[in-house]
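Colleague: Before I ask anything, here is the structure I am working with.
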Amino acid sequence: MMYEDMKMKVEHVIDKGEVIEEYISDDQQHDQAFNKWTKSFSRMDHPTVIQIMSYEQVILDKSKDTDISGQLMPNLIYVSREKSKTSPHHFKAGALNVLLRVSAVMTNAPIILTQDCDMYSNDPQIPLRILCYFSDPALKSNLAFIQFPQRFHGLNRDDIYASEYKRLFKINSMGFDGLKGPNYVGSGCFFRRRALLGGPSTPVPPEIPELGPDHVVRKPIISQEILSLAHRVAGCNYENQTGWGSQSGFRYGSLVEDFYTGYRLQCEGWKSLFCNPERAAFLGDVPITLFDVLSQCKRWCIGLFEVAFSKYNTLIFGSQSMGVLMSLAYSHYALWPIWCIPVTFYSFLPQLALLNQVGIFPKITEPWFFLYVFLFLGAYGQDFLDFVLDGGTVRKWWNAQRMWMIRGLSCYLFSSIEYLLKSVGISTHGFSLTSKVVDDEQSKRYGQGIFEFGVPSPLFVPLTVAAIINLFSFLLVLTQSFSGKNTEGLCLQMILTGSIVLNCLPVYGAIGLRNDAGKMPTQITIISTFVSVALYYASSLCL
């Protein structure tokens, strides 16, 4: 209730363009608020705000504020870091580093929890769990962080967008845990403050002693000296000529600051730990439209490429710093987007060849056919077994396979192109956040397990082209086989094409059967049809 009250007042101030008298509870706050507020105050250009407003309880002071039963409340501090259009703010990593410094000045607690704004605590016993690990003499010397799997509420029954990311957040994390520990995934993670200030044996001394991990704060958080220092370390120019973001704190240089920070910490010699209690420690929201799912994944992929092709690349620097197995484990994610290459080839080339009656796979009578089938079934069988043993269902597994193909044809492909263009100096779209705004109609369709397209986007073009080409090639060869034509050499291509057709059923429905706001945008369908025809004639000439 206190938060919602504060949110309403902040939004009202932004809309009105001034701080009204009724929002100020004393003369000191009156002067502070009006001295900071100017007409140029905006989301991307404003001073640091660490404001004490006792009436609205924006800050809870543990020395005096109590709950309704009289128990003292913990400190609760509202921080808005300084921003300037002329200074880079490094997105989420920059915000985390400001919080790291401000919290050091005010309390300097040794344990830090990082949490996304759409996640909330689901188990009050979690702090006790993590303190058992951080207090273990066998672990605490080099234990940097404890990562909990991201789990979500509000998923529809069959998780049509594979938003659980079961392998990323759980299955593979257990494998990482058998080595040096899981990677940091951005939320639901407890850090030892000391781990963010240099390696276990090579600490990085802070610029001021108040930021050191052993500093003891002896003054109240509301004292003028503490607040002045907190404003100073939250300034947008404070990090100039320092090691913040490179040697200490959360690391800059990638849109996936979580992956990059966890990787760099483990390269420095720190270890991590995966904690997966039966009751979810934290729960969060998921995007409920396909566009938001793919946009989020595209941002991740660009950030992963930024790590893969940096001087701290996971194959060379990683293998030298943490060993070959951990290097390969991190490389599996850092090179995630290159899956677009085989997925795109398998989605188009066999089908175009099929349209032109050209076989490119082994025939049923050839020995290579059985090897190919064995590898295909073995890979899918292992994936299915891992998924089901972790509590997944057959429908969820199938949807995970569908989304893997969709991501390969959209966000993996577009992120690779965007990163390539960015690398050669061609400007691309900037950072964008994933929308978590819930529309009633979208929410209803998501609950019913219906794919939501709606927003026109180039991300949908390769997917729609693949759906059209696969459907026509499958129907054409199926018709020819029924008419008695010999299609023995096309068997594997038929199986592959048929599986893609099944995966694309939501696309066909969105193109021709639906009339709601979530259907495939008409312009995407038209563009994809022209591209499909062009690809067919081009393949006919080549083949």
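Colleague: Restrict the check to the range 306-324 and report whether at least one residue is within 25 Å of L420 (Cβ to Cβ) and touching a residue at least 60 places away in the same chain (Cβ under 8 Å).
Modeller: yes
Colleague: Ok, one more. Restricting to the range 491-500, give me the number of residues that are open to solvent by less than 20 Å² (accessible area, probe 1.4 Å) and either within 30 Å of P456 (Cβ to Cβ) or not polar (S, T, N, Q) (or both).
Modeller: Residues in the range 491-500 being open to solvent by less than 20 Å² (accessible area, probe 1.4 Å) and either within 30 Å of P456 (Cβ to Cβ) or not polar (S, T, N, Q) (or both): 4 in total.
Colleague: Are any residues in the range 411-440 open to solvent by 90 Å² or more (accessible area, probe 1.4 Å) and modelled with pLDDT of 85 or more, and if so, which ones?
Modeller: L420, K422, V424
Colleague: Can I ask one more? How many residues does the range 135-161 contain that are open to solvent by less than 10 Å² (accessible area, probe 1.4 Å) and either out of contact with any Gly (no Cβ under 6 Å at 6 or more places or on another chain) or assigned by the TED database to the domain that holds A400 (or both)?
Modeller: Here the count works out to 7.
Colleague: Applying the selection to the range 473-490, what residues are open to solvent by 40 Å² or more (accessible area, probe 1.4 Å), over 17 Å from M405 (Cβ atoms) and among the hydrophobic types (A, V, I, L, M, F, W, C)?
Modeller: Scanning the range 473-490 gives L475, L476, L478, F482.
Colleague: Counting only residues that are polar (S, T, N, Q) and open to solvent by 50 Å² or more (accessible area, probe 1.4 Å), which one in the range 347-403 is nearest to A538 (Cα to Cα)?
Modeller: For the range 347-403, the residue satisfying everything is Q357.
Colleague: Mind checking which residues of the range 452-470 are open to solvent by 10 Å² or more (accessible area, probe 1.4 Å) and in a helix (DSSP H, G or I)?
Modeller: Those that are open to solvent by 10 Å² or more (accessible area, probe 1.4 Å) and in a helix (DSSP H, G or I): V461, P462, I468.
Colleague: I need the full set of residues from the range 196-227 which are among the acidic types (D, E) and surrounded by 12 or more Cβ atoms within 10 Å (Cβ to Cβ), in order please.
Modeller: Once the filter is applied, which keeps residues that are among the acidic types (D, E) and surrounded by 12 or more Cβ atoms within 10 Å (Cβ to Cβ), the range 196-227 yields E207, E210.
Colleague: Of all residues in the range 502-543, which are over 19 Å from L459 (Cα atoms) and open to solvent by less than 30 Å² (accessible area, probe 1.4 Å)?
Modeller: S539
The values are calculated or read from the model by the stated rules, or taken from the named source; none is laboratory data. Being a predicted model, the structure only gives us computed values, none of them experimental. Quick reminder, even Gly has a Cβ in these numbers, built from the backbone with ideal geometry, and neighbours come from all protein chains shown. The protein model used for the area step is the full one, side chains on, heavy atoms only, and it has no ligands, DNA or RNA in it. Shrake-Rupley method; radii C 1.70, N 1.55, O 1.52, S 1.80 Å.
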